[in-house]
Amino acid sequence: MANNQPLVQRVALVIQYQGTHFHGWQRQPNQRTVQEEIENTISSVVNQSVILHGAGRTDAGVHAAAQVAHFDVPGPIPAHKWATILNSRLANDILIASSAQVESTWHARFSATSRRYRYTLYTEKRPNLFVMPFVWHYYQAQLDPLLIQAALNPLIGCHHLAAFQRAGSSRPHSWVDVQEVKCESQGPFIHIEVQASGFLYGMMRLLVGLLIQVGQQKLSVKNFTDIWVNQRRDVVKHSAPASGLCLLRVGYLEFPFTQEVWYNNMPQFIFY
């Protein structure tokens with residue numbers, strides 16, 4: 001007896017989005033989210049419900065230069081065609097950079113070995129309309145990027161980082177394997193990058209909120225380190241605005257996309 005079931009393929013996507021007008025990645029009732037918009041668009045093409053699995057859940061207002069997701073879909077559409085199909089139907093603040101077929105065992109979230117975020121601060125006293133959606137306009141005091149880098153360095157390794165976890169997380173523990181850290185200054189812009197196996201809920205924004213005090217010399221590098229080593233969540237008071245945060249990329253041991261699609265696709269602002 002012939003098997004008339006349509007062939008199901010797993011399709012991976014590299015996704016860019018401007019998070020300003022989204023209530024985050026994850027589908028939520030009565031809110032505009034990235035996951036829901038892409039799921040609904042895929043479903044409208046194949047005329048059936050589809051679930052999109054993302055590599056990470058960005059918060060409301062957070063951007064992504066190379067979010068990764070996958071979905072399973074039956075039918076004859078080749079995987080590499082999905083980027084063009086979706087881009088013709090999606091709003092202009094979401095872009096599918098590329099699509100490709102992956103093995104049925106490959107998973108956007110569970111196959112990932114790293115996530116990298118970049119936080120951008122703009123320190124010029126004058127505002128600039130063209131950079132404001134993608135930065136924290138922080139002009140209240142001068143910041144020392146060398147001190148921020150010195151504070152970041154001890155984070156490398158596997159640590160309990162409960163001090164940088166917002167309430168409401170369902171994660172069973174606060175261990176994070178931090179792989180790389182970087183702070184660099186380019187004109188009035190300061191870029192803070194952290195790469196880790198995974199991130200706690202709200203981690204990058206709480207981290208940057210405390211690093212600001214180090215950059216202002218209001219908090220020493222030693223005291224900063226003592227706060228997270230001793231899991232002093234009670235003294236981490238401020239979360240940096242979402243506008244400055246971008247999911248820069250997600251890493252995999254096996255990935256069907258060329259490096260130019262996913263590696264470093266958020267331009268850095270540079271003033272001369």
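From the list GLN28, GLN35, which residue is out of contact with any strand residue (DSSP E or B) (no Cβ under 8 Å at 6 or more places or on another chain) and free of Cβ contacts under 8 Å to residues at least 60 places away in the same chain?
GLN28
Inside the range 191-267, counting only helices (runs of 4 or more DSSP H) that do not spill past its ends, which hold 3 or more residues that are open to solvent by 40 Å² or more (accessible area, probe 1.4 Å)? If you could, list the steps in order and put the result at the bottom.
Values: elements: 203-215, 221-229, 259-262.
Per the criteria, 221-229, 259-262.
Those residues that are open to solvent by 40 Å² or more (accessible area, probe 1.4 Å), assigned to a loop (DSSP other than H, G, I, E, B) and more than 21 Å from TYR201 (Cβ to Cβ), I need them from the range 157-189; list them, please.
If the condition is that a residue be open to solvent by 40 Å² or more (accessible area, probe 1.4 Å), assigned to a loop (DSSP other than H, G, I, E, B) and more than 21 Å from TYR201 (Cβ to Cβ), then GLY187 is the only one that fits.
Return the residues of the range 79-117 that are open to solvent by less than 60 Å² (accessible area, probe 1.4 Å) and part of a loop (DSSP other than H, G, I, E, B); say none if nothing qualifies.
Listed by number, the residues that qualify are LEU90, ALA91, ASP93, TRP106, HIS107, ALA108, SER111.
Take VAL62 and decide whether it is among the β-branched types (Val, Ile, Thr), open to solvent by less than 20 Å² (accessible area, probe 1.4 Å) and under 23 Å from ALA196 (Cα atoms).
Values: among the β-branched types (Val, Ile, Thr): yes; open to solvent by less than 20 Å² (accessible area, probe 1.4 Å): yes; under 23 Å from ALA196 (Cα atoms): yes.
In short, yes.
One line per residue, one yes/no per condition, for (1) of a type in the set (Val, Ile, Thr); (2) in the same structural domain as ARG205 (by the TED database); (3) in contact with a helix residue (DSSP H, G or I) (Cβ under 7 Å, 6 or more places away or on another chain):
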position: HIS23; (1), (2), (3): no, no, no
position: VAL34; (1), (2), (3): yes, no, no
position: SER49; (1), (2), (3): no, no, yes
position: GLY61; (1), (2), (3): no, no, yes
position: GLY75; (1), (2), (3): no, no, yes
position: ASN87; (1), (2), (3): no, no, no
position: ASN92; (1), (2), (3): no, no, no
position: TYR117; (1), (2), (3): no, yes, yes
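Can you confirm whether the range 6-20 contains a residue that is farther than 16 Å from SER99 by Cβ, part of a helix (DSSP H, G or I) and at pLDDT 95 or above? Even if it seems obvious, please write down each step before you answer.
Going through the range 6-20, the residues farther than 16 Å from SER99 by Cβ turn out to be 6-7, 18-20.
Remaining after also requiring part of a helix (DSSP H, G or I): 19-20.
Add one more test, that the residue is at pLDDT 95 or above, and what stays is 19-20.
Yes - at least one qualifying residue is present in the range 6-20.
The values are calculated or read from the model by the stated rules, or taken from the named source; none is laboratory data. Worth saying up front: this structure is predicted, and the values here are computed from it rather than measured. Glycine gets a Cβ as well: all are built from the backbone with ideal geometry, and neighbour counts include every protein chain shown. Quick note on the areas: whole protein, heavy atoms, side chains included, nothing else; ligands and nucleic acids left out. Shrake-Rupley method; radii C 1.70, N 1.55, O 1.52, S 1.80 Å.
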